[in-house]
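Read the figures in this text as sums done on the coordinates, not as results from a lab. Just so it is clear, the model here is predicted, and its values are computed rather than measured. Cβ placement follows ideal geometry from the backbone for every residue including glycine, while neighbour counts extend to all protein chains displayed.
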Amino acid sequence: MSVYPSLKDPAYLEELFLRFPRGTGPLMAFHDALLRNDDSPLSIAEREIIAALVSGVNACSFCYGAHKAMAMAFGLPEETIIALVDDIDTAPIDEKLKPLLHYVHKLTLTPSKMVQSDADAVFAAGWPEEALHDAVLVCALYNFMNRVLDGSGIKPKPVFDKPDAASLKTRRESSYTGWARKAGIIS
């Protein structure tokens, strides 16, 4: 249930952004620039994995469900995403990705304890600085979004539980700004 009496129950992200629209347009544009831009050394799927991992670590059910579905839309099996939140080391994912995921995991839980060797492990795995920077930005964005959603009492939509093929296709083909326009949040 939303913490805001002016929002209906259940309130979803659309209602929150419609009620409090300030900054939503630039926020959605930042989502697109970060998560949908082709200039990143990280694939869209890898960036969505980071969003899902950060949200899972934070136990933000809305963002975890949404970005687990988004990562699934880009080809990652649901079981892999669940396994990553439980234990990165044993999850069935490319070994090259694990140091990057450890980095964002640590950055999420204990940001003041980041050390150069954390970054060095990412570089040793073959990632360029741009990949680490993009991972840090996705991590920061989803720590922010997790706080916004949980602080507002926004819960996930039931469709996040078991998205069907059509829903996954729509997610794969849509932008964040496009979603906000379709929902009437921005023009």
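Here are a few things to note about the model shown:
- In the chain, the longest principal axis of the Cα atoms and the axis of helix 129-152 are about 40 degrees apart.
- Between 0 and 90°, nearest 10: helix 61-73 axis offset from the chain longest Cα axis: 70 degrees
- Highest average packing first - 81-88, 23-30, 63-70, Cβ atoms within 10 Å: 63-70, 81-88, 23-30
- Cα-based Rg of the range 16-113 normalised by 2.2 N^0.38 Å, two decimals: 1.12
- Residue-wise HN-Hα coupling along the range 36-49, computed from phi with Karplus coefficients 6.51, -1.76, 1.60 (Hz; x: Gly, Pro): 10, 6, 7, 7, 7, x, 8, 5, 4, 4, 5, 5, 5, 4
- Take every Cα pair under 8 Å whose residues are at least 6 apart in sequence, average their separation, divide by the length of the chain, and the relative contact order is 35 percent.
- With Cα atoms, 0 to 90° folded angle of helix 24-35 axis to the chain main axis: 30 degrees
- Set Lys8/Lys68; Lys8/Lys113; Lys113/Lys169 screened for pairs whose C-alpha atoms are more than 29 Å apart: Lys8/Lys113; Lys113/Lys169
- Aspartates and glutamates whose Cα lies under 16 Å from that of Lys157, excluding same-chain neighbours fewer than 8 positions away: Asp9, Glu14, Glu15
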